[in-house]
Amino acid sequence: MESDILLVDLKAQYLTIKNEVDTAIHKVLDSVSFVMGPAVAEFETAFANYIGTKEALGVGSGTSALHLSLLACGVEPGDEVITSTLSFFATAEAILQAGAVPVFVDINPETYNIDASQIESALSSKTKAIIPVHLYGQSADMDPIMKIAKAHNLVVIEDACQAHGAKYKGKHCGTFGNAAAFSFYPGKNLGSYGDGGAITSSDSTVISRIKSLRDHGRQSKYIHDEMGYGERLDSIQAAVLKAKLPYLDCWTELRRQHAKTYENHLKGLELVLPRETEGCNHVYHLYVLRTPHRDKLLRYLNENGVGAALHYPLSQHEQPAIKKLGYTKPLPIAEQATKEILSLPMYPELTENQLGYIIERIRAFFKTYG
Ligand SMILES: *Cc1c(COP(=O)(O)O)cnc(C)c1O
């Protein structure tokens, strides 16, 4: 390969939509309506229609989407919030920012999502909410999760930050919980050109709480009903997102084709490949495989110009910031997984040549070291 293959190549995508995105950005510049302008409202409507919720509300990031959702759903200091230990650290961080206590549950080793059968034993009298994470772009098993939530009167907030367009039994991720958090961090399946996020919800109480919280608890310009936050989505990001949204399903289809190509050419090696669960529409935010030779394979691929990476090297309960809080309970399935997982380059614009090279390198590795 002439140049390295990145884990995600943002430039390759920008070049395919440069005209539209540049035009959209210039329209915002001309309007000088930079915060909460018409571009934000237009994107919110388009995204709510796409996901299938009453509303979508732009916020500053996926992390603020989780944080504000927790507050809007009535999670209070001291409440316990159950979540999957295997996620980006922001899931636990948002729970802690709300003053609540994260309770980590181990994963299902096939999907890497929360093991729903272990949620009940994590419940206590203080449990207020569950945050299932649709990790790597595949929905968590929402039926049993919603059933437990209903039986115990718990709030459900989906962490859909990796799951734009993913489905569970025909419905989009982001439609199941009281609220759902999306991130538009540039490398996400729908990414802005800076930080951004959104909350989807069909619950009017939650929606009006978020509208207040994201914008300084405003009732009108300088009258504040409560303490809120400065966590709005800016107009330039909204304009970029609105220009990109019509391409999302097509980009997802390309990701799914690349996953198929990986699968067809990597099966039979000492690798566990990602598996799409029946009823789920995996959107392959990340293509994560698993091997006992992980460390060697990672080094080999990186030395050969392939931007393989780890998502994540540690589960949340193993993070230094969490251990400091006194978490000691082992969650062995996730702990073992973090030693064996490896993410291969995955983005819609990956070429056949690039895929061929990555596959050829992996096969060469197993011939030599396997
Ligand atoms: C990216 C991500 C977040 C945080 O989103 P930001 O926009 O980076 O704040 C939260 N949870 C998961 C699972 C993520 O992948």
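Each reported figure results from applying straightforward, stated rules to the coordinates on display, with no laboratory input. All figures in this text were calculated on a predicted structure; none of them were measured in a lab. Ideal geometry is used to build each Cβ from the backbone, glycine not excepted, and the neighbour counts take in all protein chains shown.
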Summing -39500 (n - 2.57) over every DSSP H run of at least 4 in the chain, dividing by its residue total and rounding to the nearest 500, the 222 nm mean residue ellipticity is -12000 deg cm²/dmol
According to a simple spin-label model (label point 7 Å from Cα along Cα-to-Cβ), what is the distance in nm between residue 152 and residue 249?
-> 3.7
Can you list the lysines whose alpha carbon is less than 19 Å from that of residue 244, not counting same-chain residues fewer than 8 positions off?
-> 11, 18, 27, 188
Residue separation times 0.36 nm, minus the C-alpha to C-alpha distance between residue 352 and residue 323: what's the value?
-> 6.1 nm
Sparse-neighbourhood loop hits (chymotrypsin sites (Phe, Trp or Tyr not before Pro), region 1-90; DSSP loop; Cβ within 10 Å at most 15 others) -> 34, 89
What are the trypsin sites (Lys or Arg not before Pro) within region 294-370 that DSSP puts in a loop, where the Cβ has at most 11 other Cβ atoms within 10 Å?
-> 324
Could you name the aspartates and glutamates in cross-link range of residue 367, using Cα to Cα under 13 Å and dropping any fewer than eight places away on the same chain?
-> 270
By the Cα gyration tensor axes a ≥ b ≥ c (a/c under 1.5 gives rounded; else a/b larger than b/c gives prolate, otherwise oblate), the shape of the chain is oblate
Arranged from highest to lowest average of other beta-carbon atoms within 10 Å per residue, in what order do the peptides 244-253, 345-354 appear?
-> 345-354, 244-253
Cα gyration tensor, region 158-227 - rounded (a/c under 1.5), prolate or oblate | oblate
Please work out the Cα center distance from region 113-192 to region 15-37, rounded to the nearest Å.
-> 32
Among region 44-65, those whose backbone N falls under 13 Å of a label point 7 Å along Cα→Cβ from residue 33 are 44
Peptides 65-78, 138-151, 270-283: what's the order by average Cβ count within 10 Å, highest mean first?
-> 65-78, 138-151, 270-283
Got the relative contact order for the chain handy, in percent, Cα pairs under 8 Å and 6 or more residues apart?
-> 23
Obtain the nm distance between the two label points defined at residue 367 and residue 260 by a simple spin-label model: each point lies 7 Å from its Cα along the Cα-to-C-beta direction.
-> 2.8
Mind checking region 46-142 for trypsin sites (Lys or Arg not before Pro) that DSSP puts in a loop (not H, G, I, E or B) and that have at most 16 other Cβ atoms within 10 Å?
-> 54, 126
Based on other C-beta atoms within 10 Å, arrange 331, 29, 123 from fewest to most.
-> 29, 123, 331
Three-way shape label, region 181-296, alpha-carbon gyration tensor, a/c 1.5 = prolate
Label point 7 Å out from residue 118 along Cα-to-Cβ: which residues of region 71-95 have amide N under 20 Å?
-> 80-93, 95
Environment charge at residue 214 (Cβ cut-off 14 Å; Lys +1, Arg +1, Asp -1, Glu -1) = -4
